[in-house]
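Everything below concerns the one structure shown next.
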Amino acid sequence: MMQVAVNGYGTIGKRVADAVARQHDMDVLGVAKTRPNFEAETAIEKGFPLYAAVEEREELFAEAGLEIAGPVEDLVADADVVVDATPSGIGAENKALYEDHDTPALYQGGEDADVADVSFNARSNYEDATGADHVRVVSCNTTGLSRIIAPLREAYGVEKVRATLVRRGGDPGQTSRGPINDILPNPVTIPSHHGPDVETIFPDLDIDTLGMKVPATLMHMHSLNVTLEAEVDAADVRDLFADESRLFLIPERMSIDGSGKLKEYALDAGRPRGDLWENCIWAESVSTVGRDLYLFQGIHQESDVVPENVDAIRAVLGEADAEESMATTDETLGIGL
Ligand code: NAD
């Protein structure tokens, strides 16, 4: 069994811990937090040993009546791999800790690409992470774009990608984020940083991206234009996407008109936390004009990177190839709508 540590137990970390706990070949060795809160209490209720991420704050947990298994250093020392899900920039600060204990580490998309030897998306470049010591699972947006680009490149060739990312202002729990009543070009400079991030997965890809932020918390929305190397029928592209387990083609008959109903559907379907691990592509939006493909997709920022973290664990430890790992992750989590 692969012994997995999760350092940083917030939006991403708690979801990764739950997903790891569902794998037959992995154990959650423990999770590390900086302070006691509702998530710390839930971790203990779930049976995850809780470690103190900051030694000086250990007594805060005792005061809150929460039992600590030890300092994060002990967790990292005993783990086969650590998933760092701390806020952007803290992962890079933690790198020395992982190196000191010779424990391979996964970082999240908020870190700069140079924190790791490899940027990772399971569908696109799983093998590059085999045996690597430091791997960055790319951001929610880059994951969503990579999952679409990989099959298109293989089937038809991709000449150019143009994507406009309408981004949620913050996650539902992030009360300090915004905008509350505005529409921001964000970043205002064009192209945005998202394109270069996708190029960490596909170094030879021609891609330009534009970003906005809006007063929404549920999901991101991508408007995508891909110039292919061949003329293709929209129906063929839909068939191509239908074969990809992590792409959900929203059928017209479902009358899902936006991210609100998508999340409602996920909750009705019994998804934990209403998570949507798949890209959610409106089937009717998939259109072609000559070699140009257009579509809209919703990306659930809180969860689409979760299966990717599970696969990255197997890749780093050399425990399965891409196909095996993705199939196992999909089956254990229930991916594929
Ligand atoms: P978050 O703030 O919800 O969770 C981070 C957790 O780490 C918090 O519980 C925080 O208290 C804890 N923490 C802070 N400093 C720490 C330290 N030194 N050691 C251990 N824990 C520490 O953040 P998040 O949204 O889960 O983001 C984590 C990473 O995932 C970031 O790189 C982010 O860019 C990336 N990411 C976030 C999203 C998203 O939409 N939330 C999507 C994809 C990737």
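The values are calculated or read from the model by the stated rules, or taken from the named source; none is laboratory data. Note that the structure is predicted; figures quoted are calculated from it, not measured. Please note: Cβ atoms are built from the backbone with ideal geometry, for glycine as well, and neighbour counts cover all protein chains shown. Heads up: the accessible areas ignore ligands, DNA and RNA and are worked out on the full protein's heavy atoms, side chains in. Shrake-Rupley method; radii C 1.70, N 1.55, O 1.52, S 1.80 Å.
Taken over segment 2-51, residues that are free of Cβ contacts under 8 Å to residues at least 40 places away in the same chain, assigned to a loop (DSSP other than H, G, I, E, B) and under 17 Å from the mean Cα position of the chain (by Cα) amount to 0. Just so you know, in segment 67-96 the residues that are more than 12 Å from the ligand (Cβ to nearest atom) and open to solvent by less than 20 Å² (accessible area, probe 1.4 Å) include one that is nearest to the chain's Cα centre (by Cα), and it is VAL81.
Just for segment 97-125: of the residues that are hydrophobic (A, V, I, L, M, F, W, C) and within 17 Å of ASP311 (Cβ to Cβ), which one is farthest from the ligand (Cβ to nearest atom)? Filtering segment 97-125 for residues that are hydrophobic (A, V, I, L, M, F, W, C) and within 17 Å of ASP311 (Cβ to Cβ), the one farthest from the ligand (Cβ to nearest atom) comes out as VAL118. Scanning segment 47-60 for residues that are surrounded by 14 or more Cβ atoms within 10 Å (Cβ to Cβ) and farther than 22 Å from HIS101 by Cβ yields a single hit, LEU60. Note on segment 1-14: residues that are within 13 Å of the ligand (Cβ to nearest atom) and either buried (at least 24 other Cβ atoms within 10 Å of the Cβ) or hydrophobic (A, V, I, L, M, F, W, C) (or both) amount to 6. For segment 225-337, which fully contained strands (runs of 3 or more DSSP E) count at least 1 residues that are in contact with a Leu (Cβ under 6 Å, 6 or more places away or on another chain) and open to solvent by less than 20 Å² (accessible area, probe 1.4 Å)? Where strands (runs of 3 or more DSSP E) fall fully within segment 225-337 and carry at least 1 residues being in contact with a Leu (Cβ under 6 Å, 6 or more places away or on another chain) and open to solvent by less than 20 Å² (accessible area, probe 1.4 Å), they are 247-250, 279-282, 292-299.
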